[in-house]
Amino acid sequence: MRSLTMEEIDRYSESVELVFENQRVNFTIDSEAPNEVGALVNEYFSTTLPWRITGYYEGNASVGALFPPFPSSVAKRALRGCMHRYFFGKKIPKVATLQITYRCQCRCGHCGVDAFRKPNMDELTTEQWKDIIDELTEAGVTTFIFFGGEPLLRDDLVDLVNYVDKSRAMCVMASNGLNVEPEILRRLKESGLYYFCVSLDYPGAEKHDRNRGIHGLFDQAVDTLSRAQAEGLLTGVSATVFKGSLKSGHYERMLRFAGDLGVNQITVCDYKPKGVRDIGSEWMIDQQERREIVNKALELLSDPTLPNFFTYPVVSDEEVQKNLFSNSMRQSLGLQGCFAGRTSAVVSAYGEVMPCNYLPLSFGNLLNESFSEIWSRLINSEPFRDTRGYCRALDADFRSRYLECHSECDSLPLPYILHPTLRQRKIS
């Protein structure tokens, strides 16, 4: 195939039209588009095939919180970014997690937020966050995740969500669901929030409340989801699977409980180390259980009584990735494998840029440098310059080489510039 210009790629991506048939997404494209472009678009949209359309945002069909709704301008922008990755080798971030505060009412057993708090530093101001949102949008981000801590403890959350240009990016948020007033849900809906997600660890009050340290939280979280749905928000549940979750039936019960709640999506994460040396935690599932969870997920995908669900153990295991997604085009598109430092970026409450929530390595601070400078440093660094087929946070060799060697650091994130190999090479 002849070389294509960026203008041609942009024209072809803009020509894509989406058609809904049997609750699934199909597409048409400019008849003059080369076959490889059509194959790329087909691969991009094939990632949505296991999921059904479960809701609508401003008239656009949604299959999940991390997929911009179709056929919105944001969805086409996300597709264009994937084309630029494939044809021009551009490493464009598409999802940015904004850890806007580390304050939280809960004390969850599996959370590591305490290690990120810096008592002698102020969290970013509203205007500083707006500047960062502008930079990230310009860099190519199409989904912002407002994260914490508990995002709703910031008085300016609605202002920040409202500030995001909804023609270029969507906004998702994760909450513990505690003490959420009806007025705040109404304002979030009016601000253009795409998805409102609540964390639920167990499908019952006793274990959930005990793990999070607040009696009555489970009932409040469920009520908050119900009221968010009443306001017209798309809703999701975020759950974590722990060691023994499959054998005990916890994994399937969580999926079915989310279905009973009527949410549009449930995201299931496997427990990952919350710091530098937590790799042996009793919470962690082993490789065999991870694969069994993936098999169970594939078995349940076609169950129409369940909401759409995304199970992160699928991207946590190398063999699973090879067996399910042995596809070089998907690798180039950034649709499989480890997303850290390839299509995702995280910004701490103090402005530090990290590749992932579970990889606490700082590559620079946005109060001192531009995002483009920091992103270039990150994607060209030794640990992130190459594509990785599975989750780095669960790779014992990766953790030993890049995290556990920072013995002199007392808090997170760890400054990558202090890595021993970098000091030896005198890289600044």
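The values are calculated or read from the model by the stated rules, or taken from the named source; none is laboratory data. The shown structure was predicted, so the numbers you read here are calculated from the model rather than taken from an experiment. All Cβ positions, glycine included, derive from the backbone under ideal geometry; neighbour counts span all protein chains shown. Only protein heavy atoms, including side chains, enter the accessible area calculation; ligands, DNA and RNA are left aside. Shrake-Rupley method; radii C 1.70, N 1.55, O 1.52, S 1.80 Å.
Against the definition (open to solvent by 10 Å² or more (accessible area, probe 1.4 Å), among the hydroxyl-bearing types (S, T, Y) and closer than 29 Å to R388 by Cα), how does Y86 come out, yes or no? Criteria met by Y86. If you check L178 against the conditions, is it aliphatic (A, V, I, L, M) and within 25 Å of A75 (Cβ to Cβ)? It is false that L178 is aliphatic (A, V, I, L, M) and within 25 Å of A75 (Cβ to Cβ). Of the residues making up segment 15-22, at least one is in contact with a strand residue (DSSP E or B) (Cβ under 9 Å, 6 or more places away or on another chain), at pLDDT 85 or above and assigned to a loop (DSSP other than H, G, I, E, B). For segment 207-219, the set of residues classified as part of a helix (DSSP H, G or I) and either open to solvent by less than 40 Å² (accessible area, probe 1.4 Å) or touching a residue at least 12 places away in the same chain (Cβ under 8 Å) (or both) consists of H208, D209, N211, R212, L217, F218, D219, listed by residue number.
Count of segment 57-83 residues, restricted to those that are open to solvent by 30 Å² or more (accessible area, probe 1.4 Å) and of a type in the set (V, I, T), is 0. The selection criterion, being open to solvent by 20 Å² or more (accessible area, probe 1.4 Å) and farther than 21 Å from I184 by Cβ, holds for E138.
Taking the condition on the phi > 0 side of the Ramachandran plot and either among the basic types (K, R) or in contact with a helix residue (DSSP H, G or I) (Cβ under 6 Å, 6 or more places away or on another chain) (or both), does G59 pass? No.
Taking segment 218-233 as the range and being closer than 17 Å to A174 by Cβ and hydrophobic (A, V, I, L, M, F, W, C) as the test, the residues that pass are F218, A221, V222, L225, A228, L233. Take Y202 and decide whether it is among the hydroxyl-bearing types (S, T, Y), crowded, with 16+ Cβ neighbours inside 10 Å, within 18 Å of C106 (Cα to Cα) and at pLDDT below 95. In short, yes. Only helices (runs of 4 or more DSSP H) whose full extent lies in segment 61-179 are considered here, and the ones with at least 1 residues that are touching an Asp or Glu at 6+ places or on another chain (Cβ under 8 Å) and in contact (Cβ under 8 Å) with a residue 60 or more places away in the chain are 73-88. For V222, are the conditions met, namely being of a type in the set (A, V, I, L, M, F, W, C), free of Cβ contacts under 8 Å to residues at least 60 places away in the same chain and not in a helix (DSSP H, G or I)? For V222, the condition - of a type in the set (A, V, I, L, M, F, W, C), free of Cβ contacts under 8 Å to residues at least 60 places away in the same chain and not in a helix (DSSP H, G or I) - is not met. Restricting segment 229-259 to residues that are in contact with a Cys (Cβ under 8 Å, 6 or more places away or on another chain) and within 26 Å of A393 (Cβ to Cβ) leaves a set whose member that is surrounded by the most Cβ atoms within 10 Å (Cβ to Cβ) is G236.
Per this entry, Y390 is not counted among residues that are of a type outside the set (D, E, K, R), in a loop (DSSP other than H, G, I, E, B) and at pLDDT 85 or above.
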